[in-house]
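Computed from the coordinates by the stated procedures, all read-outs in this text should not be read as laboratory data. Computed from a predicted model, the values in this text were never measured in an experiment. Cβ coordinates were reconstructed from backbone atoms using ideal geometry, including for glycine residues, and neighbour counts include every protein chain displayed.
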Amino acid sequence: MNNLIKTLFIGDVVGSTGIEAVKQFLPILVEKYKPDFILANGENAAAGKGITEAEADLLFSYGINALTSGNHIWENWKGKELLANCPNLIRPFNYPSGNLGKGFLFFENERLPQIAVLNLQGRTYMQTIDCPFKAADYALSLIVPKTSYIIVDFHAETTAEKIALANYLDGRVSAVIGTHTHVQTADAQIMQKGTAYISDVGMTGPYDSVVGLRKDIAYKRFTLQTPFKYQVATQEPRIAYVYFEMEIPSGKSNYIESQIFPELSRKRLIE
Ligand SMILES: [Fe+2]
Ligand SMILES: [Fe+2]
């Protein structure tokens, strides 16, 4: 076995455009990085709100090994059923007990040691669920005896809460990958004690949009200050991801890079 676990983490997959982006671009990334393990956040896969068996099956068929989620997972009733039945889909661990689903999973196959994936959610400008720091301590007390390869999806709104949790977990987990804002941050790094980190991995979906939402609907929501039905945009599919390498046997990360593919334009396009 290789002495590294090469891992791809794909940011929030939004609607059918996001699923199409995975289908179209993931093979290119697989060719480039030869990952051992591929994760994606699927909280927006079903038309922006939640995920059902249909979207999960497609994402697994395209090569994704496990799915994390976040606040939007609860917005599609079929998602609850899926959370109860699908072994490779998790939701934030720190929702109050009694909710369906689980907050961490263990993945292994014939080529890999056991890898743990833990999903947590922040509380700043979000639901007032249980403390993600205390929840992380409790989850790690269950996970650490089993494996040193631990990937955390921290689904949160603010960069400060994400950076605080990442520092809290530095050296205790292999990676803390931020999700939820749909905008990739420029701070991918290996922290002092060997944890790979990014504040937000970004969105896999339609970039001609407002974080996935059709622009005309977003304008109405902001200017009229009343609700308008969510509809996913369809143009400019891109995949946002981080690639990182976990060292065997320490579980520390050696390398991380972040990308949006195809790249965003940094030049005016001449028509
Ligand atoms: Fe999202
Ligand atoms: Fe979210």
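Values as computed for the structure displayed
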item: For Ile239, distant residues with modelled amide H under 5 Å away; result: Phe261
item: 10 Å beta-carbon shell around Lys162, net charge (K/R +1, D/E -1); result: -4
item: Simple spin-label estimate for Glu75 and Leu112 in nanometres, 7 Å along Cα-Cβ; result: 2.8 nm
item: From phi via Karplus (6.51, -1.76, 1.60), per-residue ³J(HN,Hα) for the range 11-19 in Hz, x at Gly/Pro; result: x, 2, 7, 9, x, 5, 5, x, 5
item: The range 1-72 versus the range 144-187: alpha-carbon centroid distance in Å; result: 18 Å
item: Projected label distance in nm at Arg221 and Leu264, using a 7 Å step from Cα toward the beta-carbon; result: 1.8 nm
item: Mean separation of Cα contacts under 8 Å, 6 or more apart, over the residue count of the range 19-90: relative contact order %; result: 32 percent
item: Efficiency of FRET between Asn3 and Thr124 - r from beta-carbon atoms, R0 25 angstrom, step 0.05; result: 0.05
item: Sites Lys102 and Glu257 - FRET efficiency at Förster radius 41 Å, r taken between beta-carbons, to 0.05; result: 0.85
item: Rounded to whole Hz, the Karplus (6.51, -1.76, 1.60) HN-Hα couplings of the range 92-107, x for glycine and proline; result: x, 5, 8, 6, x, 5, x, 6, 5, x, 10, x, 8, 9, 10, 10
item: Estimated dipole of the chain in Debye, rounded to 20 [Cβ of Lys and Arg +1, of Asp and Glu -1, Cα centre]; result: 340 debye
item: Local electrostatic count at Thr124 - Lys and Arg +1, Asp and Glu -1, tallied over other residues with Cβ under 15 Å; result: -2
item: Distance (nanometres) between label positions extended 7 Å along Cα→Cβ at Lys193 and Thr234; result: 4.9 nm
item: Leu4 long-range amide H proximity, modeled H, under 5 Å; result: Ile248
item: Within the range 223-271, trypsin sites (Lys or Arg not before Pro) in DSSP loop having at most 10 other beta-carbon neighbours inside 10 Å; result: Lys229, Arg266, Lys267, Arg268
item: Estimated 222 nm signal from helices in the chain, with DSSP H stretches of n ≥ 4 weighted -39500 (n - 2.57), rounded to 500; result: -8000 deg cm²/dmol
item: Charge-dipole axis of the range 36-162 as Lys and Arg at +1 and Asp and Glu at -1 on Cβ define it, positive-most pick from Asn44, Gly70, Ala54; result: Gly70
item: Cleavage-rule hits (trypsin sites (Lys or Arg not before Pro)) in the range 129-195: DSSP loop, at most 16 neighbouring Cβ within 10 angstrom; result: Lys146, Lys193
item: Gaussian network model of the chain, Cα within-10 Å springs - most flexible of Ala46, Ala240, Ala135; result: Ala135
item: 5 angstrom amide H check on Ser69, placed H, neighbours 5+ away; result: Gly42, Ile90
